[in-house]
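Read the structure below first, then the notes.
The values are calculated or read from the model by the stated rules, or taken from the named source; none is laboratory data. Please read all numbers here as calculations on a predicted model, not as lab measurements. Here the Cβ positions follow ideal geometry from the backbone for every residue, glycine too, while neighbour counts run over all protein chains shown.
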Amino acid sequence: MDHSIYNCFVVCVLTHGSNGILHTKDKKFDTNKMFEYFTGTNCPTLVGKPKLFFIQACQGEMFDSGVFVHDSPLTSPNYFMVPNYADFLIFYSTFPGFYSWRNVENGSWFIQTLCDVLDDYSQKFDLMTLLTIVSQKVALNYESKVPNNFSMHRKKQIPCVMSTLTRLIAF
């Protein structure tokens, strides 16, 4: 597809998953293969444009028990080359290897917080600051409540950002 008229590309995936794998209705899908479709080699009309992926899916089966802490403080203007995976930003709901939590009534901690932060702050901050706010809110404001299952009770979650962006993105 020709993306020449667009300034960026955004993909949102909400599904089940495991480490590096997304589960679809009929098969499993390697996340790296998804990203390959949008590299400079495979999609030249997106070169130099941000490619943003928001992925709500488990990345494993480990649970994060948390820990208690104390408060604490280019050289040629005419021609240049960029890396094939330049300008990707991938925001995972959880760190690789870990479970991604959701509330049965309100949905995913990650997606709910992402939507709230974008609604509240997108006119004030660049994208990386917004994603940091999302990570902070998910990490501090949520804890699983499964009192009948000790191994799943009082667990935490931290989103994970992977970025090869070459410039700040403001809304």
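Give me the residue from the range 155-166 that is touching a Pro at 6+ places or on another chain (Cβ under 8 Å) and part of a loop (DSSP other than H, G, I, E, B) and, out of that set, farthest from residue 8 (Cα to Cα). Working first, answer last.
Within the range 155-166, the subset touching a Pro at 6+ places or on another chain (Cβ under 8 Å) is 160, 164-165.
So of that shortlist, the ones also part of a loop (DSSP other than H, G, I, E, B) come out as 164-165.
Numbers: 164: 14, 165: 12 Å.
Once the filter is applied, the top-ranked residue is 164.
Count, please, the residues in the range 47-65 that happen to be small (Gly, Ala, Ser) and surrounded by 14 or more Cβ atoms within 10 Å (Cβ to Cβ). I'd like the intermediate steps shown before the answer.
To start, the set of residues in the range 47-65 that are small (Gly, Ala, Ser) comprises 48, 57, 60, 65.
Then keep just the ones that are surrounded by 14 or more Cβ atoms within 10 Å (Cβ to Cβ); that gives 57, 60.
Final tally of qualifying residues: 2.
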Exercise. Any residue in the range 132-149 that is farther than 20 Å from residue 12 by Cα, among the hydroxyl-bearing types (Ser, Thr, Tyr) and at pLDDT 90 or above?
Worked result: yes
Exercise. Which ones in the range 100-150 are charged (D, E, K, R), part of a loop (DSSP other than H, G, I, E, B) and in contact with a strand residue (DSSP E or B) (Cβ under 8 Å, 6 or more places away or on another chain)?
Worked result: 143
Problem set entry | Selected residue (criterion: farthest from residue 149 (Cα to Cα)) from residues of the range 22-46 that are surrounded by fewer than 17 Cβ atoms within 10 Å (Cβ to Cβ) and of a type in the set (A, V, I, L, M, F, W, C) | 34
Seminar exercise, completed: Looking across the range 132-159 at residues that are in contact with a helix residue (DSSP H, G or I) (Cβ under 8 Å, 6 or more places away or on another chain) and within 30 Å of residue 82 (Cα to Cα), the single one that is surrounded by the fewest Cβ atoms within 10 Å (Cβ to Cβ) is 133
